[in-house]
Amino acid sequence: MKNIVILISGGGSNMAAIVRAAQQGDWAQQYGARVAAVISNKADAKGLQFAQEHGIATAVLDHKAFASREDFDAALAQQIDTHQPHLVVLAGFMRILTPGFVAHYAGRLLNIHPSLLPAFPGLHTHQRALDAGCKFAGCTVHQVTQELDVGPILEQAVVPVLPGDTADTLAARVLTQEHIIYPRAVLGFIKNKS
C-alpha cells in the first residue's frame, strides 16, 4: 500500500479535499494508495477531528516542546516514518522545515502554495498580488526542496483578481481551486511514482 501522510496546522481543508478524493475515487482499490495518517503540530487543529471521523490515524507533535527546529523535525520524521510513507503532503503545515527533514523525504514531499509560483513565495501572497496590481492570482502544487517555495511545479490553477477584491476574498477564491488541484496532484504523483 502506498501510504500518504498529511501534515496540518489548522482546519485542514486541503487535507479534507485529499481524503474525500481518495475515498470517492477508491484510491486504495484503484491505485493501492491511502491516507494513512494526519499529523499536526497543534493539538487544537480542527482538521484532526475530520481525520479521526474518517478512520485515519492522527498524532500531535507540539513544536513548542522541542529545544530546536532540528529536534522537532527529527521527532516529526520519526513519527511520520512509523507509517512507511510513500508520500508526505504539507497541507497548511505552518512550519519552515529543516534541510535534514527535506532531504529525508526528497522527491516525495509536496506542498501547496497560494500564489502562482515563482511569484510571491513566502507569506501574505494575496495582499502582495493585490499590491502589485496583478490581474490574475492562483495556487501552485510543488515538490518541496531546501529553498522555500521553488521546487518543481506539479499543478497550478489561475483565478481572476476582481475589482474590489480584498486579500480575504481573493484567498477564498484561490482556496476553492486548491481543493481541486491538490488531490489531482497527489493522485498524479501516486500514479507516476511506483
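Could you check the simple spin-label distance between residue 75 and residue 29, using points 7 Å along Cα→Cβ, in nm with one decimal? For residue 75 paired with residue 29, the spin-label model returns 4.1 nm.
Here the chain is assigned +1 on the Cβ of each Lys and Arg and -1 on the Cβ of each Asp and Glu. Its dipole about the Cα centre then comes out at about 400 debye. When both region 1-61 and region 141-190 are represented by their alpha-carbon centers, they are found 19 Å apart. Relative to the longest principal axis of the Cα atoms of the chain, the long axis of helix 167-192 makes an angle of roughly 40 degrees.
The HN-Hα couplings worked out from phi for region 123-133 by the Karplus form 6.51 cos²θ - 1.76 cosθ + 1.60 (θ = phi - 60°) are 9, 6, 5, 5, 5, 5, 5, 5, 4, 7, x Hz, whole numbers, x standing for Gly and Pro. For region 28-45, the Karplus equation 6.51 cos²θ - 1.76 cosθ + 1.60, evaluated at θ = phi - 60°, returns couplings of 4, 6, 6, 10, x, 10, 8, 7, 8, 7, 10, 10, 10, 8, 10, 5, 8, 4 Hz by residue, with Gly and Pro reported as x.
As I understand it, the value is the acute angle between the Cα axis of helix 69-81 and the longest principal axis of the Cα atoms of the chain; what does it come to in degrees, rounded to 10? It works out to around 60 degrees. Note on the chain: dipole from Cβ charges, positive end direction compared against 23, 122, 7; the farthest Cα belongs to 23. Taking a straight line from the alpha carbon of residue 42, these lysines sit under 19 Å away, with near neighbours fewer than eight places off in the same chain left out: 64. Here region 117-173 is treated with +1 on each Lys and Arg Cβ and -1 on each Asp and Glu Cβ, and its dipole about the Cα centre works out to around 140 debye. Exposure proxy ranking for 115, 9, 68, based on other Cβ atoms within 10 angstrom of each Cβ and starting from the fewest, stands as 68, 9, 115. From its DSSP helices (H runs of at least four residues, each -39,500 (n - 2.57)), the chain gives a residue-normalised ellipticity at 222 nm of -12000 deg cm²/dmol. If I fit a long axis through the Cα atoms of helix 13-24 and take the longest principal axis of the Cα atoms of the chain, what angle between them do I get, 0 to 90°, rounded to 10? The angle comes out near 60 degrees.
Within the listed set 109, 123, 175, the residue fluctuating most in the Gaussian network model of the chain (springs between alpha-carbon atoms under 10 angstrom) is 123.
This structure gives Cα extents along the principal axes in Å, computed directly, and of [x] 48, 42, 30; [y] 66, 44, 33; [z] 59, 46, 33 that value is listed as [x]. Computed extension gain for residue 132 through residue 106, at 0.36 nm per residue and net of the alpha carbon distance, reaches 6.0 nm. In this structure the amide hydrogen of residue 42, modeled in the peptide plane, comes within under 5 Å of the amide hydrogens of 61, none closer than 5 places in sequence on its chain.
Database remark: amide H of residue 154 closer than 5 angstrom to the amide H of 141, 142, 143 (H placed geometrically; neighbours at sequence offset of 5 or more, or on other chains; Pro and chain starts carry no H).
FYI, it's all coordinate maths here, none of it is from the lab. Nothing here was measured: the structure is a model prediction, and the numbers come from that model. Reconstructed Cβ throughout: ideal geometry from the backbone, glycine too, with neighbour counts over all protein chains shown.
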